[in-house]
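Colleague: Mind having a look at this structure? Questions to follow.
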Amino acid sequence: MKKFIALLFIVSILITSCGANAPTATAEPAATSEVKTPSVKPTPQMTSNIKVGKDALRGLEIMAWTPWYGVESSLFDSLVKEFNQKNEWGIKVSAASQGNFSNLFENTTASLSKKEQPDLVIALPEHALEWDADGAALDLTAYVGDPLYGMDAGDIPAVFWNQDYVNKKRVAIPAQRNARLLLWNKTWAKELGFSSAPNTPDDFRRQACGAQQFMLKDAAPQNDFMGGWLVDTEPMTAYAWMLAFEGGVLEGSDYRFLTPKNIEAFKFLRELSEKSCAWQTADADPIAAFAAREALFVTVSLEDLPNAARAFASANSADKWEALAFPGANENALIIYGSSYVVLKSTDEKQLAAWLFARWLLEEKQDARFVEATHLFPIRAASMDLLGDYKKTHPQWAQAVDLLARGEMQPQLASWRKVKTMLGDGFAHMYNLNIPSGQVAVILAQMESISRELGK
């Protein structure tokens, strides 16, 4: 069996899946009741440390590559048009979608050895780290702190901002941030006798098993295995459960999977299935199952929340439901991930133009528009002032935003691009092969061995 698992892992990894201290705002002067005649002083002229004159930017053309399609791509095209019409420097941006993150990474990497390459790329942080290792990603530290062209990042959560700061270099700035979340049917749980959301793994098990026991009471035998957690094998789900048990994937700067805490996490999850408190079928739609009371818990991404709301409406269900972090013995876990703006090295003029466009995209107005279109986290706290109506009409999204204080970053390693795919594949194999709970260490040992190879 070990050889079989290893072979499956090796095949799977051939398929690529699609703290710096942030600058703080200058303190406001203390209020005073004393009235003084203001003296006229000349306004100080800010000067840039980036030696590019404003005239050099006039009419400059740059190219931005994105992984997006559909709504995100349309919104980005609209923002490009708006920037081109209004920016004070006369910069002209062109945008091209690469379809998905995998294509974007491969196409960008291939372009680095050619004359024609993008100037700005919306890519994953691990992609930026790989391009940085190749000497292609621009360190944005000087741009962030520049007196004239810099930005105040004081209202960007550290879990967003620090992801792209590695080895005293800022290889990118956050573009979008997402998370995997547990959804919990509060109304159904209350009917089952549970008055509050699960806050520990034991709480989660009791509620999941209680829901499954409820399914045994009706006259329909086909749903006897349902009711608890609908298993999700996405990499970020596996990683979140590991952290909930105080495990993880790193020890120092090396990958480490075979640890007592990770064994405890995987054993807990497999025991849920062995007791029929967690279930899965090949064609199960998590959101539809959740709305139909076939699962007390499901796992979704942040952008799926509107779909869940529509499913409850379609089912004419008045049930109340909530978004939760993964319950842990001491702290609940939430893994934050998403894309970043990466400026590739080129000329001083194009680098500055790409930075100015990325900085503009992170302003509150544009940030809020991204939230309304994608349903992801706002990058800036100040953007919430523009999202009051959205917050009222999307209460579970507001719950997710409130969970950000629990958020943790992904590994800051270029190899995470491959290792996270392996993690998801290994987690899925554990279920697909029905590995007994007492043998989960076999899976973790295979993960550790493969991750060490991928990390070289």
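Colleague: Bin width 5 Å, alpha-carbon pairs only: give the P(r) of segment 224-298 as whole percents, running from 0 to the bin holding the largest distance.
Modeller: In whole percents, the pair-distance histogram is 3, 16, 22, 21, 16, 11, 7, 4, 1, 0.
Colleague: Shifting gears a bit: Nearest-5 percent of antiparallel DSSP beta bridges in the chain? Could the numbers behind the result be given before it?
Modeller: Details: 23 of 37 bridges.
So the antiparallel bridges in the chain amount to around 60 percent.
Colleague: Need one number: convex hull volume per residue for the chain, Cα atoms only, in Å³.
Modeller: 178 Å³
Colleague: Further question: With only Lys, Arg, Asp and Glu charged, each at its Cβ (+1 for the first two, -1 for the last two), find how big the charge dipole of the chain is about the Cα centre; round to the nearest 20 debye. Could you put the intermediate results ahead of the total?
Modeller: On the way: 44 positive and 54 negative charges, 73 e Å.
Dipole size: approximately 340 debye.
Colleague: Under the classification rounded if a/c is under 1.5, otherwise prolate if a/b is larger than b/c and oblate if not, where does segment 213-342 fall, given a ≥ b ≥ c as square roots of the Cα gyration tensor eigenvalues?
Modeller: Note, shape of segment 213-342 comes out oblate.
Colleague: For the cross-link pairs Lys320/Lys392; Lys114/Lys345; Lys81/Lys392; Lys51/Lys81; Lys92/Lys350; Lys169/Lys420, which exceed 21 Å when the distance is taken from alpha carbon to alpha carbon? Walk me through the numbers on the way to the answer.
Modeller: Values: Lys320/Lys392 15 Å; Lys114/Lys345 13 Å; Lys81/Lys392 30 Å; Lys51/Lys81 27 Å; Lys92/Lys350 11 Å; Lys169/Lys420 23 Å.
Over 21 Å apart, Cα to Cα: Lys81/Lys392; Lys51/Lys81; Lys169/Lys420.
Colleague: Would you work out which of Met226, Leu356, Thr200 lies farthest towards the positive end of the dipole of the chain? Charges go on Cβ: Lys and Arg +1, Asp and Glu -1.
Modeller: It is Leu356.
Colleague: If a/c stays under 1.5 just call it rounded; otherwise compare a/b with b/c (prolate if a/b is bigger, oblate if not). Do that for segment 300-456, with a ≥ b ≥ c from the square roots of the Cα gyration tensor eigenvalues.
Modeller: Values: a/c = 2.47, a/b = 1.15, b/c = 2.15.
The shape class here is oblate.
Colleague: Please order Val371, Val71, Val171 by the number of other Cβ within 10 Å, starting at the fewest.
Modeller: Working: Val371 22, Val71 12, Val171 26.
Going from least to most buried by this count: Val71, Val371, Val171.
No lab work stands behind these numbers, since they all come straight from the coordinates. Please read these numbers as outputs of a predicted model, since none were measured by experiment. Cβ atoms come from the backbone with ideal geometry, glycine included; neighbour counts cover every protein chain shown.
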